[in-house]
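This report refers to the structure that appears directly beneath it.
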Amino acid sequence: MTQAAPPLLTLSDISLSFKGVSAITDIGFEVEQGEICALIGPNGAGKSSLLNVINGVYRPQRGTVHFDGQAYRHMDPYRAAHRGIARTFQNLALFRRMSVIDNVLTGRNLHRRSTWIEQTLHVGRARRDEASQRQHACRVIEALDLARYRDTVVGTLSYGLQKRVELARALAAEPKLLLLDEPMAGMNAEEKHAMAGYVLDVNAHFGVTVVLIEHDIGVVMGVSDHVVVLDYGKKIADGKPDEVRTNPDVLAAYLGTRH
Ligand SMILES: Nc1ncnc2c1ncn2[C@@H]1O[C@H](COP(=O)(O)OP(=O)(O)O)[C@@H](O)[C@H]1O
Ligand SMILES: [Mg+2]
């Protein structure tokens, strides 16, 4: 019998507070290799903070993160990126005056082989390196149907397209784990549907494990293999979309039937 692969990510007993005010309390869950895990819950539930714990922006007071065979309580975001964790942010964080390709290329910085001085002088290895980074960035751009906007200045694109460029930039880093903080927020129904499709594609074709935060329950149920529900910094449910949807605690948190 073959052994199941260990989870790519395991959070154990994570607690985080800001100046004594608790944001996350004793949260633990696992994310399997290759799955799409949705993190849902009302505003202020601690979802973004949890992503920040995973990629090393916040240092929790308690608990451990296991990622890809290594345990840590805190690693800096730079090392997290090197170990294969990429993320997008709740608010757009692109270089607005730069083209789509140049934005996506910034996602390739980890993979550059030439030194800074070689890049500045644009000699030998740097030139070959640049060509191969560009090739890879173009493949990602094509995969996300952004080819016609490749040389367009990002700030002139619609909001929905800019969110897709952010996804492309994160993906360009070739991460094992992609953390998406509300990738569909502020989108209309059509844009949401398209973005959900791209998240599914990225997961299927690039084999990237995804943890995404999303408010729209309909979208969550459609894309995720696994749902974790947070409320006031605590985990209130964890399971398959269908199990979670009918969980009374989840209904209470969402519909306010508890108080
Ligand atoms: N850097 C910070 N400093 C102080 N409080 C913070 C900080 N980041 C988050 N919080 C607090 O932690 C709680 C959870 O926030 P957040 O993780 O952004 O929730 P969500 O993403 O679920 O809306 C909130 O009460 C928020 O005010
Ligand atoms: Mg948030």
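The values are calculated or read from the model by the stated rules, or taken from the named source; none is laboratory data. As the structure is a computational prediction, the values presented were derived from the model and not from experiment. Here the Cβ positions follow ideal geometry from the backbone for every residue, glycine too, while neighbour counts run over all protein chains shown.
Search segment 23-33 for residues being surrounded by 15 or more Cβ atoms within 10 Å (Cβ to Cβ) and away from ligand 2 (no atom under 16 Å from the Cβ), and hand back the single one that is nearest to Asp181 (Cα to Cα).
At the first step, the residues of segment 23-33 found to be surrounded by 15 or more Cβ atoms within 10 Å (Cβ to Cβ) are 23-25, 27, 29-33.
In the following step, the residues that additionally are away from ligand 2 (no atom under 16 Å from the Cβ) were identified as 25, 29-33.
Values: Thr25: 20, Phe29: 18, Glu30: 18, Val31: 16, Glu32: 19, Gln33: 19 Å.
Among them, the one singled out is Val31.
The residues of segment 166-180 that are at pLDDT below 95 and either within 13 Å of ligand 2 (Cβ to nearest atom) or at positive phi (or both) amount to a single one, Glu174. Scanning segment 81-95 for residues that are in contact with a helix residue (DSSP H, G or I) (Cβ under 6 Å, 6 or more places away or on another chain) and aromatic (Phe, Trp, Tyr) gives a single hit, Phe95.
Restricting attention to segment 38-74, which residues are outside any loop (DSSP other than H, G, I, E, B) and within 16 Å of ligand 2 (Cβ to nearest atom)? If you could, list the steps in order and put the result at the bottom.
Kept after step one, since they are outside any loop (DSSP other than H, G, I, E, B), are these residues of segment 38-74: 38-40, 47-54, 62-67, 70-72.
Those that are outside any loop (DSSP other than H, G, I, E, B) and within 16 Å of ligand 2 (Cβ to nearest atom): Ala38, Leu39, Ile40, Lys47, Ser48, Ser49, Leu50, Leu51, Asn52, Val53, Ile54.
For segment 45-64, state whether one or more residues are more than 16 Å from ligand 1 (Cβ to nearest atom) and under 14 Å from the mean Cα position of the chain (by Cα). No, every residue in segment 45-64 fails to be more than 16 Å from ligand 1 (Cβ to nearest atom) and under 14 Å from the mean Cα position of the chain (by Cα). Note on segment 93-153: enclosed helices (runs of 4 or more DSSP H) holding 1 or more residues that are in contact with a strand residue (DSSP E or B) (Cβ under 9 Å, 6 or more places away or on another chain) and at pLDDT 85 or above are 100-106.
Determine if segment 169-177 includes at least one residue that is assigned to a loop (DSSP other than H, G, I, E, B), farther than 22 Å from Asn103 by Cα and in contact (Cβ under 8 Å) with a residue 60 or more places away in the chain. Don't jump to the end; show me each part of the working.
Pass one, segment 169-177, residues assigned to a loop (DSSP other than H, G, I, E, B): 173-176.
Now drop any that are not farther than 22 Å from Asn103 by Cα, which leaves none.
No.
For segment 163-182, a residue qualifies if it is charged (D, E, K, R), within 11 Å of the chain's Cα centre (by Cα) and closer than 14 Å to Arg83 by Cα, and exactly one does: Lys176. Selection within segment 60-73: residues that are out of contact with any Asp or Glu (no Cβ under 7 Å at 6 or more places or on another chain) and surrounded by 13 or more Cβ atoms within 10 Å (Cβ to Cβ). The member of this set that is farthest from Val31 (Cα to Cα) is Pro60.
If you go through segment 203-213 one residue at a time, do you hit one that is of a type in the set (Phe, Trp, Tyr), under 17 Å from the mean Cα position of the chain (by Cα) and on the phi < 0 side of the Ramachandran plot?
Looking only at segment 203-213, we keep the residues that are of a type in the set (Phe, Trp, Tyr), and these are 206.
After this cut, where a residue has to be under 17 Å from the mean Cα position of the chain (by Cα) as well, the list is 206.
From what's left, on the phi < 0 side of the Ramachandran plot: 206.
The answer is yes, given that some residue of segment 203-213 is of a type in the set (Phe, Trp, Tyr), under 17 Å from the mean Cα position of the chain (by Cα) and on the phi < 0 side of the Ramachandran plot.
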